[in-house]
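In what follows, a structure is listed as structure tokens, so that the remarks can point back to it.
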Amino acid sequence: MTGLRLDSDWPTAPGVWRTSSAGIPNWALGTATSLDGALLNAAGSMAVSFPVADGGSFVVFGADYQDGEFLSGRTLAATFSDGSTAVGTTTVP
């Protein structure tokens, strides 16, 4: 995986979170293999590059504006090294 984008559709403050800061003014999105694991993002750019096995999972971290942005069912898009993308929905514990 080479990038993640999380979209919020909260009516009063929709937002976009990304794992890359490549000149795009969005919120930062962190990733790890577990809830207490080290971040997989590159220190300078926040970019990611890590494998995810079929059926595998990972944890995503982002600032939650007024406790309403990150609810189960938000859209998370993953970009892979071959340029393909996959879209899924989030599950919040």
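Being surrounded by 14 or more Cβ atoms within 10 Å (Cβ to Cβ) and either at pLDDT 85 or above or part of a loop (DSSP other than H, G, I, E, B) (or both) is the requirement here; does V48 meet it? Here the answer is yes, as V48 does meet what is asked. Looking across the stretch 51-79 at every residue that is at pLDDT below 85 and among the aromatic types (F, W, Y), the one that is nearest to the chain's Cα centre (by Cα) is identified as F70. In the set (1) among the hydrophobic types (A, V, I, L, M, F, W, C); (2) at pLDDT below 85; (3) out of contact with any helix residue (DSSP H, G or I) (no Cβ under 8 Å at 6 or more places or on another chain); (4) within 18 Å of T89 (Cα to Cα), the condition left unmet by W10 is number (3). Selection of the stretch 75-93 for residues being part of a loop (DSSP other than H, G, I, E, B) and in contact with a Phe, Trp or Tyr (Cβ under 9 Å, 6 or more places away or on another chain) yields T90, V92.
This table checks each residue for (1) modelled with pLDDT under 85; (2) among the basic types (K, R); (3) within 9 Å of the chain's Cα centre (by Cα).
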position	(1), (2), (3)
I24	yes, no, no
W27	yes, no, no
T31	no, no, yes
D36	no, no, no
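The values are calculated or read from the model by the stated rules, or taken from the named source; none is laboratory data. Keep in mind that what you see is a predicted model, and the values were worked out from it rather than measured. Every residue, glycine among them, receives a Cβ derived from its backbone with ideal geometry; neighbour counts consider all protein chains shown.
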